[in-house]
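A.B. asks: Can you keep this structure in mind? I'll have questions shortly.
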Amino acid sequence: MADVDQERNFNDKMMNDLWSDMCDGYYNVGKIEPDVNIDDIPNLIQANEDMVDHIITSLSIGPESTILDLGCGRGMYTIRIAKLTGCKYVGVDLNAGYVEECKKRAEEHGVGDQGTFYAASILDMGDEIVGNRYTHVLVLGVMFYIHGNLDTYLNRSLQACCREDTKIYIWDFTRKVDWDLCVKAQRHFKLTYPIRTKEEVCAALSRAGFELVRLEDFTECIIPSYLILKRECTKRDPEAKVLTSHLPGDDFIAGNLAYMVYYLKKKE
């Protein structure tokens, strides 16, 4: 058992060190224009900061806004949006360790008094979270983890957090081929269910009472990030025994996966 625990701790440290070095606090791939030379890009910090700017501009987030970040990870999307706009915020993540990191980072960046972070499942949030009714709800690269419970999540959780005028922004993986063909993504994510197609996600959103305002294919803007991840993972773990974060990139390049942005509002 001690050997198993030691290996798990070693693997966790490798993964944490990778993401800390690549994009400290963001834990996401960000946004990079497809025609750049990735050899000139050492990490994904600027890519994630560019994605924050894109979100703020696209959603018109300002000092009067109150945002909810569902699956906030280590918190830097929430924190940087709050710092740049002066908005209020709530961040939610299942990982209690991440939530403690979020709270510490918020204080370090001077936005600790603008909001708070909660350790909770986005499938089962308490009244202190859903009772606020937010101007904006962000779901950034995490909804595919609950594609097996998507209808329950949309009807029970997302609906409860939205006012009639709430702007909802979902940035998520979708598949374009049979899940059996997404071998690299399966190896990394280890899901017990297939990632849904764009059409399946749109149908579920409509059933749950959401109107699709705009749909944007972001795939070309995340492929460079995955190539940078591949470069850095290969340096540290050439056989990808532990560091597999870059593997879904092969499925994006092959056209098996797409990264979609859903701009939504509640149906009238």
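A.B. asks: Exactly one condition in (1) farther than 19 Å from Y259 by Cβ; (2) out of contact with any strand residue (DSSP E or B) (no Cβ under 8 Å at 6 or more places or on another chain); (3) open to solvent by less than 10 Å² (accessible area, probe 1.4 Å); (4) assigned to a helix (DSSP H, G or I) is false for N149; which is it?
C.D. replies: (3)
A.B. asks: Ok, one more. Can you pull out the residues in segment 152-170 that are open to solvent by less than 10 Å² (accessible area, probe 1.4 Å) and not in a helix (DSSP H, G or I)?
C.D. replies: Hits for segment 152-170 are C162, T166, I168, Y169, I170.
A.B. asks: Working only within segment 187-243, note down all residues that are part of a helix (DSSP H, G or I), free of Cβ contacts under 8 Å to residues at least 40 places away in the same chain and among the β-branched types (V, I, T).
C.D. replies: T234
A.B. asks: Against the definition (farther than 24 Å from S225 by Cβ, open to solvent by less than 20 Å² (accessible area, probe 1.4 Å) and free of Cβ contacts under 8 Å to residues at least 40 places away in the same chain), how does Y89 come out, yes or no?
C.D. replies: The answer is yes for Y89.
A.B. asks: Tell me which residues, restricted to segment 32-81, are open to solvent by less than 40 Å² (accessible area, probe 1.4 Å) and among the basic types (K, R).
C.D. replies: Result: R74, single match.
A.B. asks: Select from segment 171-197 the residues that are in contact with a helix residue (DSSP H, G or I) (Cβ under 6 Å, 6 or more places away or on another chain) and either over 13 Å from D251 (Cβ atoms) or of a type in the set (D, E, K, R) (or both) and list them in ascending order.
C.D. replies: Answer for segment 171-197, where residues must be in contact with a helix residue (DSSP H, G or I) (Cβ under 6 Å, 6 or more places away or on another chain) and either over 13 Å from D251 (Cβ atoms) or of a type in the set (D, E, K, R) (or both): D172, K184, Y193, R196.
A.B. asks: All but one of (1) farther than 30 Å from D165 by Cβ; (2) modelled with pLDDT of 95 or more; (3) open to solvent by less than 30 Å² (accessible area, probe 1.4 Å) hold for F218; state the number of the condition that does not hold.
C.D. replies: F218 satisfies every listed condition except (1).
A.B. asks: Yes or no: G97 small (G, A, S), assigned to a helix (DSSP H, G or I), over 15 Å from the mean Cα position of the chain (by Cα) and closer than 23 Å to G30 by Cα? Give the steps one after another, and end with the answer.
C.D. replies: Details: small (G, A, S): yes; assigned to a helix (DSSP H, G or I): yes; over 15 Å from the mean Cα position of the chain (by Cα): yes; closer than 23 Å to G30 by Cα: yes.
It is true that G97 is small (G, A, S), assigned to a helix (DSSP H, G or I), over 15 Å from the mean Cα position of the chain (by Cα) and closer than 23 Å to G30 by Cα.
The values are calculated or read from the model by the stated rules, or taken from the named source; none is laboratory data. Just so we're clear, the structure is a prediction, and the values are computed from it rather than from any experiment. Glycine also receives a Cβ, built like all others from the backbone with ideal geometry; neighbour counts cover every protein chain displayed. When the accessible area is computed, the model is the full protein with side chains, heavy atoms only, and any ligands, DNA or RNA have been set aside. Shrake-Rupley method; radii C 1.70, N 1.55, O 1.52, S 1.80 Å.
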